[in-house]
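Reading through the structure tokens given below for one structure.
The values are calculated or read from the model by the stated rules, or taken from the named source; none is laboratory data. Since we're looking at a predicted model, the values are computed, not measured. Don't worry about glycine lacking a Cβ; one is built from the backbone with ideal geometry, like all the others, and counts go over all protein chains shown.
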């Protein structure tokens with residue numbers, strides 16, 4: 001198993017797992033913080049233009065690194081949420097119980113609306129599901145469950 005790592009978070013054996021990415025991000029943030037602290041300390045000892053430029057550059061790098069790690073963490077959480085939502089929807093569809101499609105569509109539409117508001121797009125009200133669509137979905141569920 002050389003070069004492989006068993007990731008408890010994903011329960012799979014991967015060459016590159018998310019926990020290694022998290023460790024790499026933590027190490028990079030710590031290194032950037034140490035460098036920034038050293039440069040700011042040097043600025044207090046030697047208040048020259050060069051020291052100011054170096055301290056400003058290292059502070060900017062620390063800021064950029066932290067924003068990047070925050071963005072990746074948000075994206076990771078957003079993906080996990082979407083996967084969880086997809087699993088819940090599939091469980092509801094395959095359970096054989098009656099599903100309120102208007103409620104399902106409103107929930108899905110709310111998630112789409114929430115993710116698209118970050119892009120600055122405006123979305124109208126959620127669509128209303130007709131009784132024909134409800135009947136078609138129930139028929140689909142019956143056929144899907146009978147094949148199991």
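When residue 61 is tested against (1) closer than 30 Å to residue 30 by Cα; (2) free of Cβ contacts under 8 Å to residues at least 24 places away in the same chain; (3) surrounded by 12 or more Cβ atoms within 10 Å (Cβ to Cβ), just one condition goes unmet, and that condition is (2).
Only a single item in (1) closer than 30 Å to residue 131 by Cα; (2) at pLDDT 90 or above is not met by residue 26, and it is number (1). Selection over region 29-42 of residues that are surrounded by 14 or more Cβ atoms within 10 Å (Cβ to Cβ) and closer than 13 Å to residue 61 by Cβ gives a count of 8.
Residue by residue, here is whether (1) in a helix (DSSP H, G or I); (2) closer than 30 Å to residue 109 by Cβ; (3) modelled with pLDDT of 95 or more holds:
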position: 2; (1), (2), (3): no, no, no
position: 22; (1), (2), (3): yes, no, no
position: 34; (1), (2), (3): yes, no, yes
position: 56; (1), (2), (3): yes, no, yes
position: 85; (1), (2), (3): yes, yes, no
position: 93; (1), (2), (3): yes, yes, no
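Of all the criteria given as (1) at pLDDT 70 or above; (2) touching a helix residue (DSSP H, G or I) at 6+ places or on another chain (Cβ under 6 Å), the one not satisfied by residue 79 is (2).
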